[in-house]
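A quick write-up on the structure given underneath.
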């Protein structure tokens, strides 16, 4: 990232190849499996990474820095989603939940039902590859709390996963 | 061991990020509690199942990213060019500013060159001895003329010669009077008088010379002295006196000099009339 900061933009491609899958899956679970939206979010992350490359500092942890960008994008998307939901409510558009028998979709649904703190640490750990210490730093909590949340998130998923199985 | 601590160990176990010490502790717990072992394995399975669920972004995403990267690089090059242009402009501005500063600093730090005014000072001096002016000729003349030359140059350092070079006109006039009082005026004396008549800046001195030569007017060499000095005179009184004397002596050799003086537009009308009358006298 320091090379990118020093105007060697070709190095941004290396970072993209290294992190695109992790970020994509992170957004995929955040966006309830919406692939197109997740791909756009990944583009947004790298667009901002290049645009704001001069704000990156040597002492920064790149994974934490990129997660912060991803979280900001997701947060903005969430606000837009709320607005869209309000519009849909005005026009009385109703959506029905269709039961799924696919295991992946079931796990995704289970993830969606998880409390935010549990789902967040699970996604950060599993898909962004952040260590528990890094997650603790981001969430401003102890490593023990992060581990407990990860345990409970997996436990909840386990129930759904084995119920379907 | 507290339940909370066990949960953290299970989280480490499920994610595979468990240290060797913790793994050993957990395995000891598994030996005591088989259900715990089953729970941990199920959690690990779920964790692994998430791996299987991982997907790759589509090729379209890659295409969009690289297009975006190319745009960013193009912007970067353009920005670099703008900076380069700005730098070029700044260089030119800096050069101009440096020149102006150098001029201003130089203007106020270097002492201005002194303004030198040349003033022409004319010092009126008595006539210089002809031997001093034409020294080389005098030397040649010495070699060929022998005694006579020795006689001529012998008066060079005489008191009268020095007096004729005095800065005071009265002393020069006195010297002329003394020369004219001599019974036998030799060539050297005549030469000194000729020099005084031709070169002395004071007309009174020259008039005195003319007057001193009047008794010797019959001599050819005296007439020649007057003729030679005629075209050098600027004073009307001196010119008139010389013309009168040459006409009185009926010196025809003086006609060319008189005509020259007559043709000169600056010659005074009275002098011109004198010359005309004189030439008519010669012709009659």
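Since every read-out is calculated from the coordinates, none of them should be taken as a lab result. Everything quoted here is computed from the prediction, not taken from an experiment. Neighbour counts are summed over all protein chains in view; Cβ atoms, including those assigned to glycine, are modelled from backbone coordinates with ideal geometry.
Quick notes on this structure:
- Within 10 Å of each Cβ in A:9-17, the average number of Cβ atoms from other chains: 3
- Ranked by how many other Cβ atoms sit within 10 Å of their own Cβ, fewest first, the residues B:12, A:116 fall in the order A:116, B:12.
- Inter-probe distance in nm under a simple model that places probes 7 Å from Cα toward Cβ, at residue B:170 and residue B:59: 13.0
- Part-to-part distance (alpha-carbon centres) for the range A:113-143 and the range B:156-224, which is given in Å: 133
- Calculated FRET value between residue B:270 and residue B:184, using beta carbons and R₀ = 25 Å, to 0.05: 0.10
- Averaged over the residues of peptide B:56-67, the number of Cβ atoms from other protein chains lying within 10 Å of each residue's Cβ is 5.
- Theoretical FRET efficiency, 1/(1+(r/R0)^6), r = Cβ-Cβ of residue A:17 and residue B:21, R0 25 Å, to 0.05: 0.10
- C-alpha center-to-center spacing [the range B:232-284, the range A:9-29] in angstrom: 124
- Distance between modelled label sites at residue A:143 and residue B:91, nm, 7 Å Cα→Cβ extension: 5.6
- For the residues of A:39-52, the average number of beta carbons from a partner chain within 10 Å of their own beta carbon is 3.
- Each residue in B:213, A:9, A:2 was given a count of other beta-carbon atoms within 10 angstrom of its own, and listing them fewest first yields A:2, A:9, B:213.
- Simple label model, 7 Å out from Cα along Cβ direction - residue A:109 to residue B:237, nm: 14.8
- Order by protection proxy (mean Cβ within 10 Å, highest first), peptides A:26-33, A:120-127: A:120-127, A:26-33
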